[in-house]
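Take a look at the structure set out below.
The values are calculated or read from the model by the stated rules, or taken from the named source; none is laboratory data. Keep in mind the model is a prediction, meaning the values are calculated, not measured. Heads up, the Cβs are rebuilt from the backbone with ideal geometry, glycines too, and the neighbour counts pull from every protein chain shown.
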Amino acid sequence: MNADRENMIYTFKIFRFDPKEDAGPREEEFRLDLGEVQKVTVLDALFQIQRTQDKSLSFRSSCRLAMCGSCALNINGKERLACKTLLRDLGAGSIFLKPLSHIPVIKDLTVDLKFLMNHLKKVEPYFLPRSAVPEPARIPPASKERRVIGLNTECIACGSCVSACTMMYWDPNYTGPMALNRAFCLIADSRDVSGDRLARIAGEHGVWRCHMEFNCTDVCPKHISPTRGIHYLKRRIFWQEMKALNPFRRGKS
């Protein structure tokens with residue numbers, strides 16, 4: 001650990017950019033004396049910088065409990081939640097903070113969440129019940145169906161997976177791991193009608209864009225594997241097409 005870290009002085013190199021005023025992005029350095037940092041997070045440091053050094057610094061936060069996902073950033077080259085990332089875990093040297101990749105920047109570390117919401121809309125992200133009953137049917141936690149869906153229902157829509165996905169760079173119209181994970185949760189749920197979701201994600205910008213690199217799985221703060229869900233969707237689409245080619249398969253005529 002360097003001398004500055006021993007004295008609890010941290011150096012932050014932060015991405016700065018205001019599309020309305022700046023010709024291009026720049027990096028700005030802030031030095032911060034945080035004293036005892038055993039439980040100090042990156043988000044705490046950002047608030048301190050904003051409060052004491054530059055009130056114009058823009059970033060997003062809400063719950064501060066790693067539940068809402070709004071403070072997701074690229075921290076030292078990896079997508080993480082600022083409220084969950086402790087400074088003591090980042091090692092020696094400067095701390096680099098950038099906004100999530102592949103998502104339009106509103107200002108500094110704040111990205112435009114409309115991009116994520118528009119991709120979610122592609123998969124009809126809402127539940128469509130099979131029957132008009134007053135209470136939804138329950139899936140027992142220990143059932144096979146619930147185990148298939150697993151943790152994937154715990155997604156907090158932070159966008160970390162989208163930022164880590166290399167295919168989002170090459171194809172901005174790619175549905176993306178966040179939206180495909182939501183599609184997986186609904187399509188794998190027997191209580192949902194699903195409608196034409198499989199058809200929506202089977203096209204050029206759908207599941208086949210995923211190259212199974214597991215980058216989204218690696219950065220998910222909730223330890224979800226969108227890649228696993230996408231693989232499930234690929235299998236569903238494949239067998240659906242196979243049955244269409246062979247009408248006698250599994251008793252179909």
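Among 77, 159, which is surrounded by 12 or more Cβ atoms within 10 Å (Cβ to Cβ), under 19 Å from the mean Cα position of the chain (by Cα) and at pLDDT 95 or above? Matching residue, one of 77, 159: 159.
Going residue by residue through region 119-131, is there one that turns out to be in contact with a strand residue (DSSP E or B) (Cβ under 8 Å, 6 or more places away or on another chain), in a strand (DSSP E or B) and at negative phi? Among the residues of region 119-131, at least one is in contact with a strand residue (DSSP E or B) (Cβ under 8 Å, 6 or more places away or on another chain), in a strand (DSSP E or B) and at negative phi, which makes the answer yes. Considering the conditions (1) small (Gly, Ala, Ser); (2) touching a residue at least 12 places away in the same chain (Cβ under 8 Å); (3) surrounded by fewer than 16 Cβ atoms within 10 Å (Cβ to Cβ), residue 164 is excluded by exactly one of them, (3). When each of 79, 29 is tested for being part of a strand (DSSP E or B), among the acidic types (Asp, Glu) and more than 29 Å from residue 214 (Cβ to Cβ), the lone residue that passes is 29.
Would you mind stating whether residue 103 is within 24 Å of the chain's Cα centre (by Cα), closer than 26 Å to residue 214 by Cβ, crowded, with 17+ Cβ neighbours inside 10 Å and hydrophobic (A, V, I, L, M, F, W, C)? Spelling it out, residue 103 is indeed within 24 Å of the chain's Cα centre (by Cα), closer than 26 Å to residue 214 by Cβ, crowded, with 17+ Cβ neighbours inside 10 Å and hydrophobic (A, V, I, L, M, F, W, C). Scanning region 190-228 for residues that are buried (at least 19 other Cβ atoms within 10 Å of the Cβ) and under 28 Å from residue 132 (Cβ atoms) turns up 197, 201.
Scanning region 25-61 for residues that are at pLDDT 95 or above, of a type outside the set (Asp, Glu) and out of contact with any strand residue (DSSP E or B) (no Cβ under 9 Å at 6 or more places or on another chain) returns 47, 50, 51, 55, 61.
Note on region 43-66: residues that are among the aliphatic types (A, V, I, L, M), in contact (Cβ under 8 Å) with a residue 40 or more places away in the chain and in contact with a Cys (Cβ under 8 Å, 6 or more places away or on another chain) total 2.
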